[in-house]
1. Could you give the distance between the Cα centres of the stretch 47-78 and the stretch 1-32, to the whole Å?
2. Rolling a 1.4 angstrom probe over the protein chains, ignoring ligands and nucleic acids, what is the accessible area of residue 212 in square angstrom, nearest 10?
3. Considering only protein heavy atoms and a 1.4 Å probe, what is the carbon-and-sulfur percentage of the accessible area of the stretch 147-200?
4. Which residues in the stretch 25-49 have a backbone N closer than 19 Å to a point placed 7 Å from the Cα of residue 156 along the Cα-to-Cβ line?
5. Leaving ligands, DNA and RNA out of it, rank 195, 155 by accessible area with a 1.4 Å probe, largest first.
6. Students often get this wrong: which residues of the stretch 1-37 have the backbone nitrogen under 19 Å from the point 7 angstrom along Cα-to-C-beta of residue 148?
7. R0 = 22 Å: FRET efficiency of residue 27 with residue 6, Cβ-based, nearest 0.05?
8. Given the whole protein assembly as supplied and a 1.4 Å probe, what does the accessible area of residue 209 come to in Å², nearest 10?
Amino acid sequence: MDALIQIFLDSAIFVLPLWFGNASPTILGGGAPIDGGRYWRDGKRILGDGKTIRGFWMGVLSGGVIGALIAFIGYNILPITLLPAETPIIMRLEYLEYLNSGIIPKLLSQFNLATTLDNLTLLGFFVGSLMAFGGLIGDIIGSFIKRRSGIERGHTFIFLDQLGFLVVGMIFVFPLIPWPIQWFLIQVPFTFILHILANLIGYFTGIQDVPL
Ligand code: CTP
Ligand code: MG
């Protein structure tokens, strides 16, 4: 049971930039649509007015900020504060060393990014924005599929709306953070439910016009 809670918490922290990246355009988006108002050959909009340029980049930025916060708190504050007060300073430093020797810095060094991204907060920003970027690409693909299926902007396509951004976002960062499959299996039902709850809250608080 403890292991399950651990997997849940790890995966939830991991996808936090995706949740924020997907939700923030509702508040921060608007303006010119990505498809420039153009139509597909079926006579319907390519993507529709619900996918805006500002919303896209604000989502990427939000994901980056959350990623940076996770890295900053996770690497700089938690390792120090979570260790018992009597832990010798040398052990604390070793623990930080252990965290820094993780898979991400190693992989980044292969991409020659290590010199620019040796700062872990910056690294978190990079991974968080990349994840949100992938998620928003998934969101755009979703709208394209919805328009081709004749579903109007803002109307629901169950599963696609709730999970498209999760699947594509997680795939985007897989080369940097090869997440365990359990994270995905637990986040599919959890993000699905969370997405529906968040939309219902948005509806009842007046942030959005449709309940789902
Ligand atoms: N949004 C945005 N830019 C994006 C994504 C979202 O500005 N790239 C904003 C839009 O105001 C959008 C709202 O966030 O209406 C909610 O996003 P979403 O539910 O993904 O869009 P829908 O309006 O439902 O459009 P679609 O049917 O195409 O998904
Ligand atoms: Mg919608």
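1. A separation of 10 Å, based on Cα centres.
2. Ignoring ligands and nucleic acids, residue 212 comes out at about 70 Å².
3. The value for the stretch 147-200 is 77 percent carbon and sulfur by accessible area.
4. So the set is 26.
5. Listed by decreasing accessible area, they come as 155, 195.
6. Taking a point 7 Å out along Cα→Cβ of residue 148, the residues of the stretch 1-37 whose backbone N falls under 19 Å are 34-37.
7. 0.10
8. My reading of the accessible area for residue 209 is about 140 Å².
The values are calculated or read from the model by the stated rules, or taken from the named source; none is laboratory data. Since we're looking at a predicted model, the values are computed, not measured. Cβ atoms come from the backbone with ideal geometry, glycine included; neighbour counts cover every protein chain shown. Side chains are part of the model used for accessible areas, which takes the heavy atoms of the whole protein and leaves out ligands, DNA and RNA. Shrake-Rupley method; radii C 1.70, N 1.55, O 1.52, S 1.80 Å.
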